[in-house]
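What follows is a single structure, written as structure tokens, with notes after it.
The values are calculated or read from the model by the stated rules, or taken from the named source; none is laboratory data. Please read all numbers here as calculations on a predicted model, not as lab measurements. Here the Cβ positions follow ideal geometry from the backbone for every residue, glycine too, while neighbour counts run over all protein chains shown.
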Amino acid sequence: MARKIGIYVCHCGSNIAGTIDVEEVARWAGATIDGVAVARDYKFMCSSLGQQMIEEDIRKKGLTGVVVAACSPHLHEKTFRRACEHAELNPYLCQMVNLREHCSWVCADKAAGTAKAKALVYAAAERVKQQVPLEPMEVQVNPATLVVGGGIAGLQATLELADAGYHVYLVEREPSIGGHMAQFDKTFPTLDCSACILTPKMSEAGQHANVTLLTYSELEEVSGSVGNFKVKVRKKARYVDETICTGCGICIEKCPRRVVDNGFEAGLGQRKAIYTPFPQAVPRIPVIDTAACIWFDRGKCRACEKLCPTNAIAFDQEDEIVELQVGNIVLATGWKLFDCHKLPQYGYGRLPNVYTNMEFERLCNAAGPTNGKIVLRDGKTEPKSVAVIHCVGSRDVRHNESCSAVCCMAALKFGHLVLEKTKAEVYSFYIDMRTYHKGYEEFFQRLLKEGMHFVRGKVAEVTDAARTPGEEGKLIVQVEDTLVGQQQRIAVDMVVLMGALEPQADAKELGLKCGISCSMQGWYTERHPKLDPVATMTDGVFVAGACQGPKDIPASVVQGAAAAARISGMIAKGHVMIEPIVASIQEDKCSGCKICNTMCPYNAIEFDEPAGVSRVISSMCKGCGTCVAACPAGAISGAHFNNAQIMAEIRGILWDAVPSGNGQAPGVPAAALNP
Amino acid sequence: MSDPTFEPKIVGFCCNWCSYRAADLAGTARIKYAPNVRIIRLMCSGRVDPGFVLSALANGADGVLIAGCHPGECHYLSQNYKAMRRYHVLKHTLAALGLEPDRLRLVWASAAEGQQLAEAIDRLVEDIRKLGPLRWPANWEAEPCCQEAVESIAREHQEAMEVLP
């Protein structure tokens, strides 16, 4: 069939035309490249007129391929593919050339830029001549969804999907859903009681007909792809039969073993060996901590079993693996606190009255270890002065470069609580005051009026080494007040460190299980930081909440809702279209060496023993092409990125180069390599 | 030997997810860098067939750049490790064929590293400019790097076979 290629060079206003002679490129393409039926330049190819131009040429001139030399394909590949489709040309017979991001915007010299542009256009023209029509694949979407993480973001996603009528499996690692929000006392800027606004959502999730709660459970394994995932969840043994337990709490009351609660109470309070993390836990079913339990330690006690009125204790319980099938996955796994021991100059762990932000939340919480009284470690003395240090582990090149987004507001909140509950003076030591959302600046103004003191300076150290009699028995905060330009030593009774929000320790591992990656700092990578913050590069896997980056509660709720909305849309449509960029094996060329089997991280290649050949499972193939490059027999071809197309692109891109050998020795002819 | 007016022609294979987007970012940020690298988009650095590199050099490229996601961050999980393995074998092969191994370079660039990719390209272009145009020599077997590569194969085999106490 005669090739009739259409070449369209976009000016993009002056974005491309400013540094590349676009008219010349179009003229040259028409005159120089074989098989070009029409070559045009136009101001804005992505405009409706630009698209119409392509469609008309396809219809009137019977074009067999289209090259659009414009911006990055990441912006308009779909646009031009759609234009081809309108004119009944298969969308995969269209190729874009990146003349803007890769050429005009990065090249200062017009001659060099135009030469580079010509090479890129030639490459695309040669490539498109090798392209063949392809059809996207339709995949049914399973209406069930897996949400990993029962904090506020995960709860929001769960409830929205459940209310829409779709089933949700909510997996939570801790014995209860609720996340960090359950630990807080009040939330800024409204000073709502955190548990009061959270528990209605928790209890709804616990009772919703469309929600299956899998608490004290972890995601083990994921396979499959969008619309059709198979997941394995490990339900860790609670040693309590959840079908019988009524949550009466007698076992907890009677358990003789008390340990420090390093989880929910942030190390400030205690719990029993059999416990629920907090009174409003959902579900109310306790868990036995085998590291603390006397029975697991030395074979005695079992008081809980003896006293349980329904015989729900089951010491022989084992972990259970639950297999689920879902259409989509939402990761809402939240954050963990920076280890404040890493900044020894602040004295955490060494000086008793230095607290982390989470410890201070528990201190303020009426259901916490001190019943909401703000007191020192001795459990009774009220502080007369409190210092709150911002950015502990945040905005710090040695630890976390990023800002944790919430600590300035939380610091103000702590200031308010101290002023409300005690007669103490309270100082904030800040670098900047980041109060950026609705009501936040007003909250800052309120604290200014309430009499909180603010010192702009990064604290050098917190010490108990007194230099003057007035400093004896106090914690001294050494800081430069940068607005005044003086060193200060401020003596306080209590110091609260605003520790950074960090990714969970196993975030990366979990992400890899689902096929998504993390940024260098460990937060999950979204598809686009501005325009697509909940989708990931892997279709069917979404992220919501702080696991994508530090954020406050409203933002977490919004992301949870956004993920739910995207998934609802997919379920309502019933199917998704998958790009047909998949590998396929020519069985007559396959020798059964199985090298490709080990290459695929998605297990998308299976070996057919009786036939002695490997086969690609198209619905699982993500199209990376590694197997294509690895096959020693050249038996695997990668659709839309096959060898013929890439080799043609290479030849075209070097149209103005001298083939090696230079008359001295024959170069390696391209035909001698894999076709 | 090196001609400062020589403009190398380099083919760059960039993966769709990280390095191609890094190049896009360099463009959005209007960072200016050497125009000598002509980019071909692949879905993954793991798609780079050694034949592509050889074909590029045979068709007149003076150098080849392979760019992909950082190890551990490949969009397809672990395929950049396979690219890395192929790259090392390829360099050895090029040396055995009498080509300066420095003409092939592997660079990791995440989608956020536009500046870093631009700088890596500038450095590569300068290095290739110093090496001069690729002129596959007639007596390639006699090239020193070829001799070295062939001898090192024997040596590496020997070391691999040694059983340490």
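Summary table
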quantity	calculated
Tally of residues being facing chain B (nearest Cβ under 10 Å) and of a type in the set (Ser, Thr, Tyr) across the range A:622-657	1
Condition check for A:Val139: in contact with a strand residue (DSSP E or B) (Cβ under 8 Å, 6 or more places away or on another chain), outside the structural domain of A:Val97 (by TED's automatic domain parsing), in a strand (DSSP E or B) and surrounded by fewer than 22 Cβ atoms within 10 Å (Cβ to Cβ)	yes
Checklist (1) small (Gly, Ala, Ser); (2) on the phi < 0 side of the Ramachandran plot; (3) under 37 Å from the mean Cα position of the chain (by Cα) applied to A:Ala424, failing item	(3)
From A:Asp289, A:Asp297, residue being under 29 Å from A:Cys340 (Cα atoms) and either surrounded by fewer than 17 Cβ atoms within 10 Å (Cβ to Cβ) or modelled with pLDDT of 95 or more (or both)	A:Asp289
Wholly within the range A:169-267, strands (runs of 3 or more DSSP E) carrying at least 2 residues that are among the small types (Gly, Ala, Ser)	A:217-225
Tally of residues being touching a residue at least 24 places away in the same chain (Cβ under 8 Å) and over 12 Å from the mean Cα position of the chain (by Cα) across the range B:102-125	12
Single match in B:Val37, B:Val48, B:Val53 (criterion: out of contact with any Asp or Glu (no Cβ under 9 Å at 6 or more places or on another chain) and facing chain A (nearest Cβ under 8 Å))	B:Val48
Scope the range B:8-34; condition within 22 Å of B:Glu100 (Cα to Cα) and either facing chain A (nearest Cβ under 8 Å) or among the small types (Gly, Ala, Ser) (or both); matching residues	B:Lys9, B:Val11, B:Gly12, B:Ala34
A:Leu120, sole failed condition from (1) more than 24 Å from B:Leu25 (Cα to Cα); (2) more than 33 Å from the chain's Cα centre (by Cα); (3) buried (at least 21 other Cβ atoms within 10 Å of the Cβ)	(1)
Tabulated pairs, the range A:111-140, first over 13 Å from A:Gln95 (Cβ atoms) and at the interface with another protein chain (Cβ under 9 Å from one of its Cβ atoms), second surrounded by fewer than 17 Cβ atoms within 10 Å (Cβ to Cβ) and not basic (Lys, Arg), C-beta under 6 angstrom, 6+ apart or interchain	none
Selection within the range A:455-475 - of a type outside the set (Lys, Arg) and assigned to a strand (DSSP E or B)	A:Val455, A:Glu461, A:Val462, A:Thr463, A:Leu475
Given (1) within 18 Å of B:Tyr20 (Cα to Cα); (2) within 14 Å of another protein chain (Cβ to nearest Cβ), number of the condition A:Lys78 does not satisfy	(2)
Some residue of the range A:588-595 being surrounded by 13 or more Cβ atoms within 10 Å (Cβ to Cβ), within 14 Å of chain B (Cβ to nearest Cβ), under 19 Å from B:Met43 (Cβ atoms) and out of contact with any Asp or Glu (no Cβ under 9 Å at 6 or more places or on another chain)	no
Selection count where residues are over 18 Å from A:Leu99 (Cα atoms), out of contact with any helix residue (DSSP H, G or I) (no Cβ under 8 Å at 6 or more places or on another chain) and small (Gly, Ala, Ser), scope the range A:36-51	1
Residues located in the range B:115-144, provided they are outside any helix (DSSP H, G or I) and either in contact with a strand residue (DSSP E or B) (Cβ under 7 Å, 6 or more places away or on another chain) or charged (D, E, K, R) (or both)	B:Arg135, B:Glu143
Subset tally (residues that are touching a helix residue (DSSP H, G or I) at 6+ places or on another chain (Cβ under 7 Å) and at the interface with chain B (Cβ under 7 Å from one of its Cβ atoms)) for the range A:99-110	6
Near pairs, Cβ below 7 angstrom, 6+ apart or cross-chain, from the range A:51-71 (charged (D, E, K, R)) to any residue that is part of a helix (DSSP H, G or I) and surrounded by fewer than 20 Cβ atoms within 10 Å (Cβ to Cβ)	A:Glu55/A:His86
Matching option when the condition is away from chain B (no Cβ under 12 Å), modelled with pLDDT under 95 and closer than 30 Å to A:Val147 by Cα, among A:Ser568, A:Ser619	A:Ser619
Matching residues, the range A:228-245, being farther than 19 Å from A:Phe315 by Cβ and polar (S, T, N, Q)	A:Asn228
A:Glu204, sole failed condition from (1) more than 14 Å from chain B (Cβ to nearest Cβ); (2) acidic (Asp, Glu); (3) buried (at least 23 other Cβ atoms within 10 Å of the Cβ)	(3)
Failed criterion for A:Lys513 (all others in (1) within 14 Å of chain B (Cβ to nearest Cβ); (2) free of Cβ contacts under 8 Å to residues at least 40 places away in the same chain; (3) basic (Lys, Arg) hold)	(2)
For A:Ala491: the one exception among (1) closer than 26 Å to A:Lys201 by Cβ; (2) of a type in the set (A, V, I, L, M); (3) touching an Asp or Glu at 6+ places or on another chain (Cβ under 6 Å)	(1)
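Residue by residue, here is whether (1) polar (S, T, N, Q); (2) modelled with pLDDT under 90 holds:
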residue	(1), (2)
A:Gln488	yes, no
A:Gly499	no, no
A:Ala505	no, no
A:Cys518	no, yes
A:Thr525	yes, yes
A:Lys530	no, yes
A:Thr536	yes, no
A:Asp539	no, yes
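Condition check ((1) more than 9 Å from chain A (Cβ to nearest Cβ); (2) within 11 Å of the chain's Cα centre (by Cα); (3) over 30 Å from A:Asn597 (Cβ atoms)) across all residues:
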residue	(1), (2), (3)
B:Cys69	no, no, no
B:Gly72	no, no, no
B:Tyr76	no, no, no
B:Thr93	yes, no, no
B:Glu100	yes, no, yes
B:Arg129	yes, no, yes
B:Ser152	yes, no, yes
B:Met161	yes, no, no
